[in-house]
Amino acid sequence: MRHKIANLVREYYQNEAPAELVAGRDYLPIAGKVIDEDDLVSLVESCLDMHFTTGRFAIEFEKKFADFMGVRHCLLVNSGSSANLIAITTLTSDLLENKKLIQGDEVITLATGFPTTINPIIQIGCVPVFIDVTLNDYQADVEFLEAAISPRTKAVIFAHTLGNPFRIQEVTEFCKKHGLWLIEDCCDAVGGRYNDRPLGSFGDLATTSFYPAHHITMGEGGAILTQNQKLKKIAESFRDWGRDCWCETGQDNTCGKRFQWKLGGLPEGYDHKYIYSHIGYNLKLTDMQAALGLSQLNKIKSFIEIRRRNFKSLFNVIKDLEGKIYLPKETENSRASWFGFPITLSESCGKERQAVLGFLEGHKIGTRLLFGGNLLHQPAYKNVKYRTIGNLPNSDTVMNKSFWVGVYPRLTEEHMIYIGENLKGALTKG
């Protein structure tokens, strides 16, 4: 019966598969899911199991994705934002003793980016300390790191913005020198490498997202990655209601002493499945999401190569615009896994960003700003306690002058040429 259903699903997909995008006729999105019949079959297969919470597909995905990312442990959650929340909250655990984050401690980060990289810092009662970015690569300006240190500094969290790695050697050396935790936000950057080592394997913790715009999708979904067994156990506890037990869903007595624990003020022998060591959440995902992700994982290498090819094609079309725009630059010793193609208008450009975006959108080319720009100008943060190192001029430039266009795998070299030629038109026509 399952075989028949799978064949029908494949037939359905072949009849309903999205048509190829035609430049000039169809809108070219900045990003989106790329789904084939194998993905749909895997999704339906998980539904037929009728095991709707975390199950066999999630367990297999966690193992394979950890291997792909070059780490020992992967924990799936319901979004990349939740992954960041769990990663930072993990560092508040009493199990970390004097290295744990407490209210008022400081975490070094960037004002340029997506809000859920910094929101958990605020949500746990810590103070974000913002340093500026460098233009061309949109990564942390490491010249400001030493100035950001204070007696309350405990951690650093940076995103690999738009898939381009931040300066890992300088950042990791800085964290080691000062005994700081490092969290890599890899939500834009799955599959990127630094010195031929996977992004996500350098920090104490790392995070990813599987939203449809990202490198592979589960619809929603995210993951926490770590090499450290203690951090894995803590993160798992915070993800799963704060429980002390680590049994998989549907399993009991993995520890072999379920009714022999004595923790807190509970009576001896209290059921370990109902002992809670942290103030946690329930941020798990479903096995249906994991089944889609597991199928997508089979294509991740080709998706990354297409993104890199598209990036290179567009770069070659518009490279003679240097001077009018800041051309994006891959970080030294890196192999970026591009999420998008960032562009910043220079002072000599002579064009306003709004006019350029209007021109591109008018030619059915999707655009996005670089997320929240300088987040300190967003209304959500007007009453937040923070420190800045300097005035963050490049973050303001990103807020006022930057945008990006897509390189995702539904787009082709023809699309890149079309986008590039229209970008030239936007910058040269009246």
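The values are calculated or read from the model by the stated rules, or taken from the named source; none is laboratory data. For clarity, every value in this text was computed on a predicted model and none was experimentally measured. Methodologically, a virtual Cβ is constructed for each residue, glycine included, from the backbone with ideal geometry; neighbour enumeration extends over all protein chains shown.
The single residue among Val22, Val107, Val44, Val34 that is surrounded by fewer than 23 Cβ atoms within 10 Å (Cβ to Cβ) and touching a Pro at 6+ places or on another chain (Cβ under 8 Å) turns out to be Val34.
Scanning the stretch 120-152 for residues that are in contact with a Leu (Cβ under 9 Å, 6 or more places away or on another chain), at negative phi and surrounded by fewer than 19 Cβ atoms within 10 Å (Cβ to Cβ) yields Gln123, Ile124, Ile149.
All conditions but one from (1) over 15 Å from the mean Cα position of the chain (by Cα); (2) more than 28 Å from Phe403 (Cα to Cα); (3) among the β-branched types (Val, Ile, Thr); (4) modelled with pLDDT of 95 or more apply to Thr53; the one that does not is (4).
Would it be correct to say that Phe311 is in contact with a strand residue (DSSP E or B) (Cβ under 7 Å, 6 or more places away or on another chain), more than 30 Å from Gly242 (Cα to Cα), aromatic (Phe, Trp, Tyr) and not in a helix (DSSP H, G or I)?
Details: in contact with a strand residue (DSSP E or B) (Cβ under 7 Å, 6 or more places away or on another chain): yes; more than 30 Å from Gly242 (Cα to Cα): yes; aromatic (Phe, Trp, Tyr): yes; not in a helix (DSSP H, G or I): no.
Answer is no for this residue.
Here Gly390 meets each of (1) on the phi < 0 side of the Ramachandran plot; (2) at pLDDT 95 or above; (3) surrounded by fewer than 20 Cβ atoms within 10 Å (Cβ to Cβ) with one exception, condition (1).
Between Gly390, Gly420, which is outside any helix (DSSP H, G or I) and among the small types (Gly, Ala, Ser)? Spell out how you get there, then give the answer.
Details: Gly420 fails: outside any helix (DSSP H, G or I).
Just a single option satisfies the conditions, and that option is Gly390.
Identification of strands (runs of 3 or more DSSP E) wholly contained in the stretch 120-238 with 3 or more residues that are of a type in the set (Phe, Trp, Tyr) yields no element.
Is it the case, given these coordinates, that Asp38 is at pLDDT 95 or above, among the acidic types (Asp, Glu), part of a helix (DSSP H, G or I) and over 27 Å from Gly200 (Cα atoms)? I'd like the intermediate steps shown before the answer.
Details: at pLDDT 95 or above: yes; among the acidic types (Asp, Glu): yes; part of a helix (DSSP H, G or I): yes; over 27 Å from Gly200 (Cα atoms): yes.
So Asp38 passes the test.
Set side by side, the residues Asp105, Asp137, Asp67 differ, and just one is among the acidic types (Asp, Glu), out of contact with any His (no Cβ under 8 Å at 6 or more places or on another chain) and over 29 Å from Glu330 (Cα atoms), which is Asp105.
Mind listing whichever residues of the stretch 363-380 are buried (at least 18 other Cβ atoms within 10 Å of the Cβ) and more than 25 Å from His415 (Cβ to Cβ)? Gly372, Gly373, Asn374, Leu375, Leu376, listed by residue number. Candidates are the residues of the stretch 322-366 that are polar (S, T, N, Q) and either out of contact with any helix residue (DSSP H, G or I) (no Cβ under 9 Å at 6 or more places or on another chain) or within 16 Å of Ser402 (Cβ to Cβ) (or both); the one that is modelled with the lowest pLDDT is Ser348.
Residues considered: Thr161, Thr112, Thr134, Thr90. Of these, the only one that is touching a helix residue (DSSP H, G or I) at 6+ places or on another chain (Cβ under 6 Å), β-branched (Val, Ile, Thr) and within 29 Å of Leu345 (Cβ to Cβ) is Thr112.
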